[in-house]
1. Using a ≥ b ≥ c from the Cα gyration tensor of region 514-622 (square roots of the eigenvalues), is it rounded, prolate or oblate, where a/c under 1.5 gives rounded and otherwise the larger of a/b and b/c decides, a/b for prolate?
2. DSSP loop (so not H, G, I, E, B), at most 15 other Cβ within 10 Å: list which chymotrypsin sites (Phe, Trp or Tyr not before Pro) in region 521-553 pass both filters.
3. Along Cα→Cβ, 7 Å out, is where each label goes; now give me the distance between the ones at Arg143 and Ser447 in nm to one decimal.
4. Would you mind checking which residues have amide H under 5 Å from Leu165's amide H? H placed 1.01 Å from N; only 5 or more apart, or other chain.
5. Distance from a point 7 Å along Cα→Cβ of Glu689 to each backbone N in region 492-527: keep the residues under 17 Å and list them by number.
6. Taking the DSSP beta bridges in region 423-552 as the whole, what percent of them are antiparallel, to the nearest 5?
7. Give the calculated FRET efficiency between Phe383 and Gln734 to the nearest 0.05, with a Förster radius of 45 Å applied to their Cβ-Cβ distance.
8. So for region 638-716, averaging the separation of alpha carbon pairs under 8 Å that are six or more residues apart and normalising by length, what relative contact order in percent results?
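Just so it is clear, none of the values below were taken in a lab; they were calculated from the coordinates. Just so it is clear, the model here is predicted, and its values are computed rather than measured. FYI the Cβ positions are ideal-geometry reconstructions off the backbone, even for glycines, and counts take in every protein chain you see.
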Amino acid sequence: MDANQDTAKTDPTRPEAPRGSVPRTPRAEAASLRGTPAPATAEAAPDPAVAPEPALTDPGRFINRELSWLAFNERVLEEAANPAHPLLERLRFVAISSANLDEFYSVRVAGLAGQERAAIAAISPDGLTPSQQLAAVHERAGRLLTRQQEGWLSLRGQLAEAGILLSDPADLSAADREWLSNWFMERVFPVVTPLAIDPAHPFPFLANLALCLIMKLVREEDGGTMRAILPLPPQIERFIRLPAGPRVEGAREPARFVLLEEVILLNLRRLFPGFILAERGLFRLIRDTDVEFEEEAEDLVRSYESALKRRRRGRAIRLSITSDTPPDLVDLVAEELDAPQGEIFTLEGLLGLSDLTQLILDDRPDLLFKPYTPRFPERILDFGGDCFAAIRAKDIVVHHPYESFDVVVQFLRQAARDPAVVAIKQTLYRTSRDSPIARALIEAADSGKSVTAMVELKARFDEERNIALARELESAGVQVVYGFVDLKTHAKVSLVVRRESGSLRSYAHFGTGNYHPVTARIYTDLSFFTADPGLTRDAARLFNYMTGYARPETMESLAFAPLTLRPTLMGLIEQEIVNAREGRPSGIWLKLNSLVDEGLIDALYRASMAGVKVDCIIRGICCLRPGVAGLSENIRVKSIVGRFLEHSRICVFANGHRLPSRRARVFISSADWMARNMDWRVETMVPVENPTVHAQVLDQIMVVNLKDRDQSWELHPDGSYRRVASLASAAGAQPLSAHEYFMTNPSLSGRGSALHRAPRPRAPARRRPDRVAQD
């Protein structure tokens, strides 16, 4: 049977997308559904005897989104002080926190600053104007910047003790200076561009993230002064490693580094002969990186390329400058860059801490996490590496990074080389350079298969790469579709159609993470493979919607944004409220990156007030305020921050049974609970119904994450976070790290025949008696 035919009946418990004509744009279509309640059922009918719920109108029920993000980045920075991590990994957390804050300013703060300049008085859900939010952000970000410098200063001393030194120029030997002089002339002098500043040489344009020396120079000949600026070339490493000294037997040779700006200052006379340095300072610039493009452009790709060029000239958003910079040079830079006083940060320490990743040395494995090799799912190996045979036998979920992303690549490579495969459809949001996914699609097109790639141009900071990828795919004969003008395609879906036994069978992959083999080694995500006819038909309908605006008349199992995801979630929450009121077991477990959407948060508040227990694992932004009497006392929120970045999205609803239960409704999703994911993106939410996969996602992944203590932070009603580990140790609880657990315990659905040969790993929680694990 053709996978595109709509022959199956819909699930009567799932809200159906309203039928009708296709509107001009998907955004208008989505707007018509926004806020639509789930279809009423007899079971969900309101009870007139139940007292009406209090109105949810107090803006104080929400935590500010921007401040919640800063709280997340504070938790990232806290890992730099975690003695359980190796030293260079702690340094990595400082660099990550710094890079995160740079992006936050270039995107989120830039948006608030734009609203303030335009005198837009929009009030945030928590009741703040853009100006009030900017003031709060700058104050908290200033404290965070100070803490980053304190973290770096502490680690610098520990690194020196471990044999990794950042040398001051005064500590350099004559041999070191001679080597650096030669290195400067070979590597820096041909690239660096000294720029005088005078009426004939106006202040130059500086790119986003530019790191620059600003100087006042005195002419030796007549004592005249000149101001100059010297941007540090981003093509040259910031930390220059000095050659090893004489070998001392039995001692480890220290790794010594010098900052690029110090090397330039040591050789300044070669750049400004005849001048003496009188004053100098260092500053770093962050610009607005928002991309605006012409939505009605005839050629979306060309429009986006032009927008990306404009990005590089965005407005100055944050100016960081060293505290030893003389006031007259500070004033010069601030005036020329048109930087408001509130956006200038004077720092004592090292600017551009994101560059610290250059000090993370491969030749010091003793200071890094022990290498971890992801497992390849044994179930695939049981079928001789035949992905289709393994999936045909039973659904599989692969848990990244603990299980290898290679299985996703192998699935598509096998499809490309299999003469029985007739068509491949693939979404691409973010992927790597020289992507093996793209290589497989090109190979499939070369072999004459019908290949369609849905490439999202609006994946922030990957736009240029995606444009280049799209052109490469097109040149190979792949049918490339650029998606909607006003929606981002964030869903992660592959569909392979294969001839089998005289008919067509489809295989689908649904992911919570991107098709990116690099991030798949550090992000926790789920890859779900299935040959279920209903789900594969839904995947085909979703691709038709994305490529041709062909709004599905029905969906059998899949919920998708922007049409049915929000009403489906609202209906599932409402059912838990009804169950609680009628005395049946109820409960909601959520694992998300961000929880921001006001309507969904209010629905969770209503569930809490009805007695539904809600447990949330929210890695990043959480605007829900838990533990408030009369509002959210039944809601608990925690965040896990550690070696791997939590990225999978899982939603669990008790469905009238105590959690964890084999009768619970379990879903994996590409979407966070944010308005942009519900209304302005194409996203998927996939039901998990195979018993073994259901047990793995619920009993193993969710239970262990909920039980984690080592890397967990608990959100309190005042918006603050506290480490669970410290609270647990005070109570005498045993430590548990979800990351360590998954690295040492194989998954259920991927174990194959090994599941019958060895005892099943037990999650650290009591298994409910109604849970029956089935293969």
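1. Numbers: a/c = 2.06, a/b = 1.37, b/c = 1.50.
Because a/c hits 1.5 or more and a/b fails to exceed b/c, region 514-622 counts as oblate.
2. In loop regions of region 521-553 (DSSP not H, G, I, E or B), the sparsely surrounded chymotrypsin sites (Phe, Trp or Tyr not before Pro) are Tyr549.
3. Distance between label points: 5.8 nm.
4. For Leu165, whose amide H was placed from the backbone, the distant partners under 5 Å are Ala255, Arg256, Phe257.
5. Zone members listed by number: 506-510.
6. So the antiparallel bridges in region 423-552 amount to around 65 percent.
7. E between Phe383 and Gln734, to the nearest 0.05, is 0.70.
8. Relative contact order comes out at 34 percent.
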